[in-house]
Amino acid sequence: MAVAASRMLEGGVDPDLPAERRGRPGARIDVPLAFHLATAGGADALDLPVGSFAPGRHFDAILVDPDAPGSTMRLFDEVDEEADLLEKIVYTASRPNLACVWVGGRAVSGSAGN
């Protein structure tokens, strides 16, 4: 949502204004920046021990299985680059893709061993 909102902010949405007067140039953010702001950036801003994999931080994570039965993710080796994977997970992963979820270092859903 933040990525789409930043694109609207950058280009402007007021049709009554000429293109050169609407929007804010440079307002666009990409998926990696939005992800950072929602995790480590937010944790830093709120002084919380979460948001990154580091000593002293709570281990909150999701193991994503793109090949799970019922998967909504479509990965194409010949087209998708490593940099595209986070965006694919954010936009196309669904419940079947969540193989395991950890909160505070404890598995609360799924199985990490499978």
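Quick notes
- Using the rule -39500 (n - 2.57) for each DSSP H run of four or more residues, divided by the residues of the chain, the 222 nm mean residue ellipticity is -6500 deg cm²/dmol.
- With contacts taken as Cα pairs under 8 Å and at least 6 residues apart, the chain reaches a relative contact order of 19 percent.
- Residues ARG106 and ASP80, FRET efficiency given R0 of 30 Å [Cβ-Cβ distance, rounded to 0.05]: 0.40
- With at most 16 other Cβ atoms within 10 Å, longest stretch of the chain clear of loop chymotrypsin sites (Phe, Trp or Tyr not before Pro) (DSSP): 1-52
- Principal-axis analysis of the Cα atoms of the chain puts helix 2-11 at an angle of about 10° to the longest axis.
- Ascending count of other beta-carbon atoms within 10 Å, so fewest first, for MET8, MET1: MET1, MET8
- D_trans [Stokes-Einstein, Kirkwood Rh over alpha-carbon pairs] for the chain, 25 °C, 0.890 mPa s, µm² s⁻¹: 147
- Taking 0.36 nm per residue of separation and subtracting the Cα-Cα distance, full extension of the segment from ARG24 to GLU87 would add 20.3 nm.
- Which of ASP84, ASP60 has the fewest Cβ neighbours within 10 Å, and the rest in rising order: ASP84, ASP60
- For segment 63-102: relative contact order, % (alpha-carbon pairs under 8 angstrom, 6 or more apart): 61
Every read-out reported here was derived from the displayed coordinates using simple, explicitly stated rules and does not represent laboratory data. What you see is a predicted model, and the numbers here were worked out from it, not measured in a lab. FYI the Cβ positions are ideal-geometry reconstructions off the backbone, even for glycines, and counts take in every protein chain you see.
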